[in-house]
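Read through the structure below, which is laid out as structure tokens, and then see the notes.
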Amino acid sequence: MNGNELDDLIAIVEKICSTHHDRRHGDGHLLDRSSWQALEESGFTLVSVPEDAGGPGGTMQQAAAVLRAAGRVGLAAPLAETMWLAGWLLASSGVPVPRGPLTAAVAEPGEVNIVEVNEGWQIDGVVRRVPWAGAADTVVMLVRRRSDLLVVRLHPSEISLRPGRNLAGEWREDVVCRKVVLDRDRVTTAGPDVSARGFLNRATLSRVLAMSGAAEEVLSVAMRHADEREQFGRPLAKFQAVQHLIAQLAGETASVVVAGQAATLALEQESGPQATFAIAAAKASASESAGRIAAWGHQILGAMGFTTEHALHRSTSRLWAWRDEFGNERHHRLSIGHQALSTDPWNLIVGQENGRAEADQGVS
Amino acid sequence: MNGNELDDLIAIVEKICSTHHDRRHGDGHLLDRSSWQALEESGFTLVSVPEDAGGPGGTMQQAAAVLRAAGRVGLAAPLAETMWLAGWLLASSGVPVPRGPLTAAVAEPGEVNIVEVNEGWQIDGVVRRVPWAGAADTVVMLVRRRSDLLVVRLHPSEISLRPGRNLAGEWREDVVCRKVVLDRDRVTTAGPDVSARGFLNRATLSRVLAMSGAAEEVLSVAMRHADEREQFGRPLAKFQAVQHLIAQLAGETASVVVAGQAATLALEQESGPQATFAIAAAKASASESAGRIAAWGHQILGAMGFTTEHALHRSTSRLWAWRDEFGNERHHRLSIGHQALSTDPWNLIVGQENGRAEADQGVS
Amino acid sequence: MSLLQLSATTLPRSADALRSSVRGFLAEEREQGRYVPRCDNWLGGIDPEFSRRLGERGFLGLTWPRRYGGQERSPLERFAVTEELLAAGAPVAAHWVSDRQVGPNLLRFGSEDQKRTYLPGIACGQLLFCIGMSEPDSGSDLASVRTQATRAPGGWVVNGSKVWTSGAHVAQAMVALVRTTPEADRHDGLSQLIVDMAAAGVQVNPIRSIDGGHHFNEVVLQDVFVPDEHVLGRIGDGWRQVTSELAYERSGPERLMSTLPLLLEWCKRLRESSAPIDTAYADAVGQLVARCWTLRQMSLAVAAGLADGAMPATEAAMVKDLGAQFEREVIEVIRRHIDLEPDAGSDDPLTRLLAEAILHSPAFTLRGGTTEILRKIVASSLGAR
Amino acid sequence: MSLLQLSATTLPRSADALRSSVRGFLAEEREQGRYVPRCDNWLGGIDPEFSRRLGERGFLGLTWPRRYGGQERSPLERFAVTEELLAAGAPVAAHWVSDRQVGPNLLRFGSEDQKRTYLPGIACGQLLFCIGMSEPDSGSDLASVRTQATRAPGGWVVNGSKVWTSGAHVAQAMVALVRTTPEADRHDGLSQLIVDMAAAGVQVNPIRSIDGGHHFNEVVLQDVFVPDEHVLGRIGDGWRQVTSELAYERSGPERLMSTLPLLLEWCKRLRESSAPIDTAYADAVGQLVARCWTLRQMSLAVAAGLADGAMPATEAAMVKDLGAQFEREVIEVIRRHIDLEPDAGSDDPLTRLLAEAILHSPAFTLRGGTTEILRKIVASSLGAR
């Protein structure tokens, strides 16, 4: 699928969401059920989940394009969590993926304890700030037990939630399991391709992709405003200072878009250290850009963008929230820095394993 | 002395330097002897050194104004080192201050070893990057010996120099003493007001003051250029982007000027931790501003400012050099940070000792 | 000659005592659970009861003549009180513009009657004003004001609407910039009127900010009658009055301290932690503290200039421009260093303060003169125009 | 529809082998002491011998047809070679514009004769071109070019002067933008001529940069005769030719890598240190490496677009704008973290590289389109004009 086809895909998802957007419930305060249903009916909630696991199939790049589109419209629903995290975890572990909104989380060591009991499994612990936990039909949890990695499915009745929201009003609750006993079939050994690192990589990348869409939306809102509004008798777009802001906004936006695409390509090629590096670099760079994009967008919009009535804050508040989720720029910089200083930073940047290729003797 | 009188003082020093500036030898590559002599004859090389020590007297604020003026013209001579460091060290320790350019340095613990020998003292060691060492008639060195602090006077014949320059071409040589034997009268116990910390505070502040002058010069060069040059048929100054650069340049410049003044006031009031904090804050802030000021100045000047023929680089290269001398911003930020986290940062900012004053019962 | 006219200064010793007083008051308020420190509280912290208690203790109208309820303190003493209130994140928004702008404006331009009528009420924290300047579509271009005052027997009839009027929903009166001579030049036709918010035809509609708070309002004026004695100064002087106060409005410590409560809370957290201080934290704290010190010195230098009778409008614009950048820098530096996701509903003060600060941050470079306006003023006064 | 047309891509496997080759060559050069890595060496590192050796090994004219001395490699393979030369701080300045701009321009616009005459010489590193665009007083306004070419029998007589012509003192020929139709519109009257630097009337005066180096020149042309066969393409096509190459000129990895040798040297220093890595250093390195990775992906995406026949001039302008900022960021971040005063004469590589980088830094946001020009291009292409 080339760039144009991906653009078409993005346009379709945008169209669905803008047609079905539930304005009453939107704005992040509750799940946007109408958009969700429309997307689900069109098969967009499980892109890249293979058909034998209940999905429509599709490439990672297609899934990435859908997540970018969801970021543009500020979809108030756990699309990344369903398609890209829970769907992937289940499908990779041989479990069919159910319909409906899902979420997923990895339990940090020590956070959640799981033991075998007579009836099946007993799970106990708290996982902090699980995205959309209160909106999910199933919470899929990746838990380590000795040397095993287990995929646990929890239903809303089995957990309690401690409230939490991100700056965009999206649900980020703590999931509390108090000695919950589950049937055997609710716990599966994770598939061979699944790891906590792999989960976090996907989660991190999902926020880069979402930010790339939100950034594009800020750019487009800002451009429209600059075009339509006048000040001192001239359209804003005529002011050199506004032109500079728009150009800078566009540059940073492009950097987030390309970072998301490039990290997706890297993950598509392999899920090892090169992908981990690329995703960390993309998130570090995108999180840094996100703050600038939000600030410049608001600067162009002026006081108007500062009200809940204007659409701008739906994108900027998501940028502010997502830049910190699954590691802010410092978090990823530290890991990149340690990686770069234990090997050759230039090889990391160009994606070259040391000694990957023999010198080409064919030159000249 | 109020602000206007200080401004007059600055104007006089600027006038002297521009009248006598030795263009052949200037530009930092060698000592500007003509300016030096003219300043010395007018009594400006020892401002704030008391009359009984051979100086003309004067307040710290007057000395600070002279250093700012020297920064404006980019005087290629050790004015701060003579007046504000060596002059102060000698005068405070009861030693008459000689005429001619001087320099001074504090030997870090372990760098320089001094022992009593039959004939007097033997001194051995290296002090790194002493400003203008090769141009000074005397190098005054502050050296710790057990619990004593000693002021040592070295003549050019007694030391050897390892070459070094800062980015402005100002001499920054390593001073090497190889078991130099000195007469008794060349070493004096430092006066009670002298400390290594106090010396470094003064040295650090001297660079803030010099930077404040250099920044003003960049601003004034940039304004003149924007006014005179045309592009796309309009004076540069008409472009909003250029106006923004000028305004930002002016703001950062003002911040350096005020920081230098405020730190001078703090040092005038006491030489303890409050002054240390104020000077560190001024240097941290000014060093940060210096890079912006240089960058914006060059941006306004365009390619022209990039040549040795244009005056701009005389100021910008000094900003680049001075921001790193006696601690760059990170050096001072770290000390401020540790200080702020061991006490109340807000009290530090407002210059309030904890519980300095009783509540005023007279209100209302 | 220096291009910039600023001289650093120090606060008088007498300010120390006043500072201690206000610290004592604030400690008492916090102990009694009367307020929780918040960021940007001079916009968001509307608490008329707090303002009243502050007035009772003599912390309002500090520099005004005693005969109008003031304390006849120096502007530099007031500086100390102001910065303490801001550092403490106290809810000072209800009286903020009354004390900062309206009072001084009444003193300079008001009639003796107006002074006697309004100033004592402001000084004791019981009378709250709001200021009606911006209008829909006017953006940064104040001279484009269209609210119309038409001559009527014994006064003026006002029609139009004002937006971004902070605190209009709690204020008893508004100083409104209106057009009194439609055919005149953009600047000459403007005047300031004191509008009774309880008057017939005044309607206040809330504008909700992206933090969910109600700070701003739209004020619709429909055939509102304003008697002649409520004209501030002379008809046609509105523009001069408005622009002359800008140096006061722009250089105050609130222009750099909106996010200081976040910084102080973070420092407290680090200080209370048992872990040794990471150099990265010391570096970050040092960066912010150093810059804050410098900008405060600039703000103080402008205050001293104003106290000496100068009108450092250019320098005030610089302080505001740099100050607003600093307010954002505080957020950006701190959020990078803490491993917390901002959440406005959190019980954890740091998490909550961070969320508040971020959601208020777009306003820092817009209110009281956008970045673009401020830079234009500075460049222009230096000759680039 | 997307506002921006960029798609990330990866280099073909074939680039790996080429990359290894150039690394081997560079290692050999360094081992033999033939060069010392420097910052901004694609401007400052003029070493015709090095260029010749590079040409001998087939690393120049990589994408050109074999019949003109090229290697018929893909532009993405060339990308790998280019970035390796830059990362290594190799002295590539002598041939830089010949290989990057002049060759491709000759291929697109040149006559068959011109191609056969010049391309093989460039590709083997023996023929060095310079480019004469800017003029005194023209600043960023290329269309204001005043160098005049007057018709003469069999050719043109050129009078005027060019400034900021890098490498003119070592070049054998110059592509000069000149005005061939004085009365025409600002753009239509321009043409590009190939000037023999040895021709009578050509005088090269050095312009010394603030780093003390001689990179730039003033080239004075006094009654210089240029035969008709040295007109590039058609008379009057100069503006179109010049602007069409901008995407090539602006998006290359050199637009973000001028200070990379400094970063790599610092990393080496930290890696070789026995002390454990301070978090502050890891943070700083991570910041720069992450940003470099992202901007390289952008540059690569533009290169891929160009290879596919698109003309992503807007995106190229963005890469250059962000790249120049990054080149400065490298300096600022590193200098804060090392306790060294930059000194261009130092024996210590890090101290010297830092000095070089700082002294070259003003040019980053001026050359190849100033920040102001680039932002205008971007905003304008998005509709803000």
How high is the relative contact order of region C:252-382, in percent, with contacts defined as C-alpha pairs under 8 Å that are six or more residues apart?
34
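If you average the sequence gap of Cα pairs under 8 Å that are 6 or more apart and divide by the length of region D:131-236, what percent do you get for the contact order? Show your work: numbers first, answer last.
Numbers: 249 pairs, mean separation 32.4, N = 106.
The normalised contact order for region D:131-236 reaches 31 percent.
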Go through region B:220-300 and name the GluC sites (Glu not before Pro) that are in a DSSP coil and have 15 or fewer other Cβ atoms within 10 Å of their Cβ.
B:E270
At q = 0.21 Å⁻¹, what log₁₀ I(q)/I(0) does a Debye calculation on the Cα points of region D:131-236 give, no solvent, two decimals?
-1.07
Quotient of C-alpha Rg and 2.2 N^0.38 Å, computed over region C:65-191
1.18
Residues meeting the amide H criterion for A:N113 (H placed from the backbone, H to H distance under 5 Å, 5 or more places apart or on another chain) are A:D124, A:G125
Once both labels are modelled 7 Å past Cα along the beta-carbon direction, what's the C:H214-B:T59 spacing in nm?
5.4
For the protein assembly as shown, what ratio Rg/Rh do Cα atoms give with a Kirkwood hydrodynamic radius?
0.97
How much FRET efficiency would the formula 1/(1 + (r/R0)^6) give for C:Q172 and A:T308, where r is the Cβ-Cβ distance and R0 is 35 Å, rounded to 0.05?
0.80
Ignoring ligands, DNA and RNA, the residues of region A:273-295 whose accessible area with a 1.4 Å probe is reduced by 40 Å² or more relative to the chain alone are A:S285, A:E288
For the protein assembly as shown, with +1 on Lys and Arg beta carbons and -1 on Asp and Glu, the positive-most of D:C267, D:M257, C:M311 along the dipole
C:M311
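When averaged across all projection directions, what area in nm² does the alpha-carbon convex hull of region A:50-115 cover?
Mean orientational projected area (region A:50-115, Cα hull): 5.7 nm².
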By its C-alpha gyration tensor, with a ≥ b ≥ c as the square roots of the eigenvalues, how is region D:203-254 shaped: rounded for a/c under 1.5, else prolate for a/b larger than b/c, else oblate?
oblate
At a probe size of 1.4 Å, how large is the accessible area of B:W88, to the nearest 10 Å²?
40
Options D:H95, D:W64, D:A15, ranked by Cα towards positive dipole end of region D:13-127, top entry (Cβ charges):
D:W64
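Explain nothing, just the number: dipole magnitude of the protein assembly as shown about its Cα centre with +1 on each Lys and Arg Cβ and -1 on each Asp and Glu Cβ, in debye rounded to the nearest 20.
400
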Quote the Stokes-Einstein diffusion coefficient, in whole µm² s⁻¹, for chain D, based on the Kirkwood radius over alpha carbon pairs, a temperature of 10 °C and a viscosity of 1.306 mPa s.
73
Given a cut-off of 29 Å, what percent of all Cα-Cα pairs of region B:3-189 lie beyond it?
23
With N denoting the number of residues in region B:168-228, provide Rg(C-alpha) divided by 2.2 N^0.38 Å, to two decimal places.
1.88
Taking the protein assembly as shown and counting helices only, DSSP H stretches of n ≥ 4 at -39,500 (n - 2.57) each over all residues, the nearest-500 ellipticity at 222 nm comes to -15000 deg cm²/dmol
Cα-based radius of gyration of chain B once divided by 2.2 N^0.38 Å, which approximates compact folds
1.04
Estimated inter-spin distance, A:E5 and D:D228, nm [label 7 Å along Cα→Cβ]:
5.3
Can you give me the % of accessible surface on region D:131-236 that is carbon or sulfur? Probe 1.4 Å, all protein chains present, nothing else counted.
51
Two-decimal Rg/Rh of region B:196-350 from alpha-carbon positions, Kirkwood Rh?
1.06
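Using Cα pairs under 8 angstrom and six or more residues apart, how large is the relative contact order of chain D, in percent?
17
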Counting heavy atoms of the protein chains only and a 1.4 Å probe, report the per residue accessible area for the protein assembly as shown as a whole number of Å².
35
Over 5 Å intervals from 0, what percent of Cα-Cα pairs in region C:252-382 sits in each interval?
2, 11, 19, 19, 18, 13, 9, 6, 4, 1, 0
Low-density loop cleavage sites - chymotrypsin sites (Phe, Trp or Tyr not before Pro) in region B:183-244, where at most 15 other Cβ are within 10 Å (DSSP):
B:F232
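Sort largest first and round to whole Å: the equivalent ellipsoid semi-axes of region D:13-127, each the square root of five times a Cα gyration tensor eigenvalue.
Taking √(5λ) for each Cα gyration eigenvalue gives 23, 16, 12 Å.
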Amide H proximity to B:R172 below 5 Å, modelled H, separation 5+ or other chain, gives B:W132, B:G164, B:R165, B:N166
Can you compute log10 of I(q)/I(0) for region D:319-385 with the Debye formula, treating each Cα as one identical point scatterer, at q = 0.14, 0.28 Å⁻¹?
-0.51, -1.14
Listed by chain and number, the residues whose amide H is under 5 Å from that of B:R145, excluding neighbours fewer than 5 places away on the same chain and using placed H, are B:L150
Spelling out what I want: for every residue of region D:117-123, take phi, set θ = phi - 60°, compute 6.51 cos²θ - 1.76 cosθ + 1.60 (Karplus), and round to whole Hz; glycine and proline get x.
6, 9, 4, x, x, 5, 5
Report the GluC sites (Glu not before Pro) located in region C:72-167 that are in a DSSP loop and have at most 16 other Cβ atoms inside 10 Å of their Cβ, or state none.
C:E72
In this structure, the FRET efficiency calculated for A:S342 and D:S111 from their beta-carbon separation, with R0 = 60 Å, to the nearest 0.05, is 0.65
In sequence order, what are the phi-derived ³J(HN,Hα) couplings for region D:129-140 according to the Karplus relation 6.51 cos²θ - 1.76 cosθ + 1.60 with θ = phi - 60°, rounded to whole Hz, with x for glycine and proline?
9, 10, 10, x, 10, 4, 9, x, 6, 8, x, 7
Among C:R13, C:R375, C:R73, residue whose mean-square fluctuation peaks in a GNM of chain C (springs only between Cα atoms under 10 Å)
C:R13
Residue of D:A88, D:A27, D:A149 that the Gaussian network model of chain D assigns the largest fluctuation, springs spanning Cα pairs under 10 Å
D:A27
Please give the FRET efficiency for C:S244 paired with C:R34, using the beta carbon to beta carbon distance and R0 = 45 Å, rounded to the nearest 0.05.
0.80
Using the Karplus curve 6.51 cos²θ - 1.76 cosθ + 1.60 with θ = phi - 60°, work out ³J(HN,Hα) for each residue of region A:132-148 in order, rounded to whole Hz, and write x for Gly and Pro.
6, 4, x, 10, 8, 6, 9, 9, 9, 10, 9, 10, 8, 10, 6, 8, 8
Interface D:A - total buried accessible surface [probe 1.4 Å, Å², rounded to 100]:
5200
Roughly how many nanometres apart are two label points built 7 Å out from the Cα toward the Cβ at D:D185 and A:R184?
8.2
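The values are calculated or read from the model by the stated rules, or taken from the named source; none is laboratory data. Only a predicted model underlies this, so the values are computations on that prediction, with no experimental measurement involved. So basically every Cβ, Gly included, is an ideal-geometry build from the backbone, and we count neighbours across all protein chains shown. Side chains included, ligands, DNA and RNA excluded: accessible areas come from the protein's heavy atoms. Shrake-Rupley method; radii C 1.70, N 1.55, O 1.52, S 1.80 Å.
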